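Have a look at the structure below, then the notes.
Read-outs: derived from the displayed coordinates by stated rules, not from any lab. Predicted model only: the values in this text are computed from it and were never measured. When we count neighbours, we look across all protein chains shown, and the Cβ atoms used for this are built from the backbone with ideal geometry, even at glycine.
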Amino acid sequence: MQINSSFVATDGETDSLFEFTGALWAESKHVFDPTTRILDNCYDSEGKLRASREQVNGILKLVGFQHLERTEAGVHLARKGMVIDLNNCVRPYAVDCLRKLLRKHEARHALIEMDSDIATIGKQQGGANWLVGIRLPKGSRATITRLKLNDRCFAMRGNFERATIEDGERYGRALSPIDGQPIPGLLGVGVSADSCLEACSAASIARLKTEAAGLKWLDSLGLPWVAIGRDLRCHGPLAPWP
């Protein structure tokens, strides 16, 4: 989304979405930044840097959520050429809204899924558990583990299968808004919580920390989680193996 030609009018829901995004940006100490999408242009489809350091530095001038201006007239990106990507926030917000609507209409059994954001209401109509499959690494292969998700939400951020290897080290596709380089953090994080927005917040922030800091932070939340390290080991109370 490019909104830098003029102020774009917003409604109450859009304002709430920007509030949530701003809270994530602040909680992550500005590492979660939806304006980093433009940095993808510096890398090829395999995650290899194809831009020069000078080009990266030039694009970094177009990164920074603090350059989003919000007034009664709407929202505006202060620097020409900036792009903001709210997909990671829109999906969990939409899932939570639909779940609230279904509950308002007294739905007792439901599963709502948008990509890597999932919410359930109760159990299945016949009493069976809702099961969510998560693709995780095991050795040199990938496998599926199933989690019970009854009346809960789940969000997964990151994809270990899209990791890139540089100088023998694995990196995910998360890029730092500070230097434009891949963040040496967890390759994937999944969190279960009472709402998709809460699960998304936890998973997103953990993935943008260094690996050790991300694991420590997840442990402090008191939520069920699973994380995939840069050595492809699984961590957390939801991990099926170490």
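Contact order for segment 1-117, expressed relative to its length and based on alpha carbon pairs under 8 Å spaced 6+ residues apart, stands at 35 percent. Taking every C-alpha pair closer than 8 Å and separated by at least 6 residues, the mean separation divided by the residue count of segment 122-228 gives a relative contact order of 22 percent. Among 150-161, 17-28, the peptide with the highest mean count of other Cβ atoms within 10 Å heads the list, and the full ranking is 150-161, 17-28. Springs join every pair of Cα atoms under 10 Å in this Gaussian network model of the chain, and among 229, 58, 47 the largest mean-square fluctuation is at 58.
Amide H contacts of residue 174 (H built 1.01 Å from N, in plane; Pro and chain starts excluded): 183 sit under 5 Å, all sequence-distant by 5 or more or on other chains. Just add up the charged neighbours of residue 32: K/R +1, D/E -1, any other residue whose Cβ is under 13 Å from the Cβ of residue 32. So the surrounding residues net to +2. Pairwise alpha-carbon distances in segment 120-204 exceed 17 Å for 58% of all pairs.
Compared with the rule-of-thumb size 2.2 N^0.38 Å for a compact globular protein, the chain has a Cα radius of gyration ratio of 1.06.
Database remark: amide H of residue 77 closer than 5 angstrom to the amide H of 3, 4, 69 (H placed geometrically; neighbours at sequence offset of 5 or more, or on other chains; Pro and chain starts carry no H).
Put simply, segment 87-161 fits an ellipsoid with semi-axes of 25, 17, 6 Å; these come from the alpha carbon gyration tensor as the roots of five times its eigenvalues, largest first. Among 220, 176, 201, the largest mean-square fluctuation in a Gaussian network model of the chain, built with springs joining Cα atoms closer than 10 Å, belongs to 220. Near the amide H of residue 166, within less than 5 Å, lie the amide hydrogens of 171, all on another chain or at least 5 residues away, with H placed in the peptide plane. Spacing of the modelled spin labels on residue 29 and residue 124, each 7 Å from Cα toward Cβ, amounts to 4.5 nm. Across the chain, Cα pairs under 8 Å and at least six residues apart give a relative contact order of 17 percent.
Highest average first, the peptides 109-116, 31-38 ordered by how many other beta carbon atoms sit within 10 Å of their residues are 31-38, 109-116.
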